[in-house]
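**Student:** First, the structure itself, so that you have it in front of you.
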Amino acid sequence: MSDSNTEEPSNSGTEEIKKSETMKNVKECIDACLACCVDCEKCATDCIKLNDKTHLTCIANCRDCADICALCARFSARGSAFAEALCKLCANICNKCAKECETHKMECCMACAKACRKCADACETMSHAAA
């Protein structure tokens, strides 16, 4: 007869550390995505107000980036099975948006590029977590 108080050896300590790191990565990704979404929306709005055709690509990229960042934050928050794949796409769009914003010297574009790079890094970490 087995003793119900006998504990079997486990890797629960290692598993708890891994789970804690994953939770930290998820939170960092969500925070970075939401911050990037806000900066992209602000950048797009400021560029629209310029009424300058040289900013059309910037506006389009910022709008796409804001949308993917918001979606990525929601998928990550709910633990969607598609979160890692979406994070990979988000990182690609964020890098493209940052590259475009870096061609403009406006304060909003510089802030947007910085937020995009930070978000891309966080999303790349998440997309590699599943690998």
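What follows draws every value from the coordinates through simple rules; no lab data is involved. What you see is a predicted model, and the numbers here were worked out from it, not measured in a lab. Positions of Cβ are backbone-derived with ideal geometry, glycine not excepted, and every protein chain shown enters the neighbour counts.
**Student:** Using a Förster distance of 25 angstrom, determine the FRET efficiency expected from the C-beta separation of Arg78 and Thr45, and round it to 0.05.
**Tutor:** Calculated value: 0.30.
**Student:** Mind ordering 27-33, 116-122 by average Cβ neighbours within 10 Å, highest first?
**Tutor:** The densest-packed peptide leads the list: 116-122, 27-33.
**Student:** Quote to one decimal, in nm, the extra length available between Met23 and Lys88 on full extension: 0.36 nm per residue of separation minus the C-alpha distance between them.
**Tutor:** 21.6 nm
**Student:** Now, a different point. The stretch 59-94 to the stretch 21-44: how many Å between their Cα centroids?
**Tutor:** So the separation of the two Cα centres works out to 9 Å.
**Student:** In whole Hz, with x marking every Gly and Pro, tabulate ³J(HN,Hα) for the stretch 57-65 from phi via Karplus 6.51 cos²θ - 1.76 cosθ + 1.60, θ = phi - 60°.
**Tutor:** Taking θ as phi minus 60°, the curve returns 5, 4, 4, 4, 5, 4, 5, 4, 5 Hz for the stretch 57-65.
**Student:** Report the full-extension gain for the segment Val38 to Lys105: residue separation times 0.36 nm, less the Cα-Cα distance, to one decimal in nm.
**Tutor:** Additional length available on full extension: 22.2 nm.
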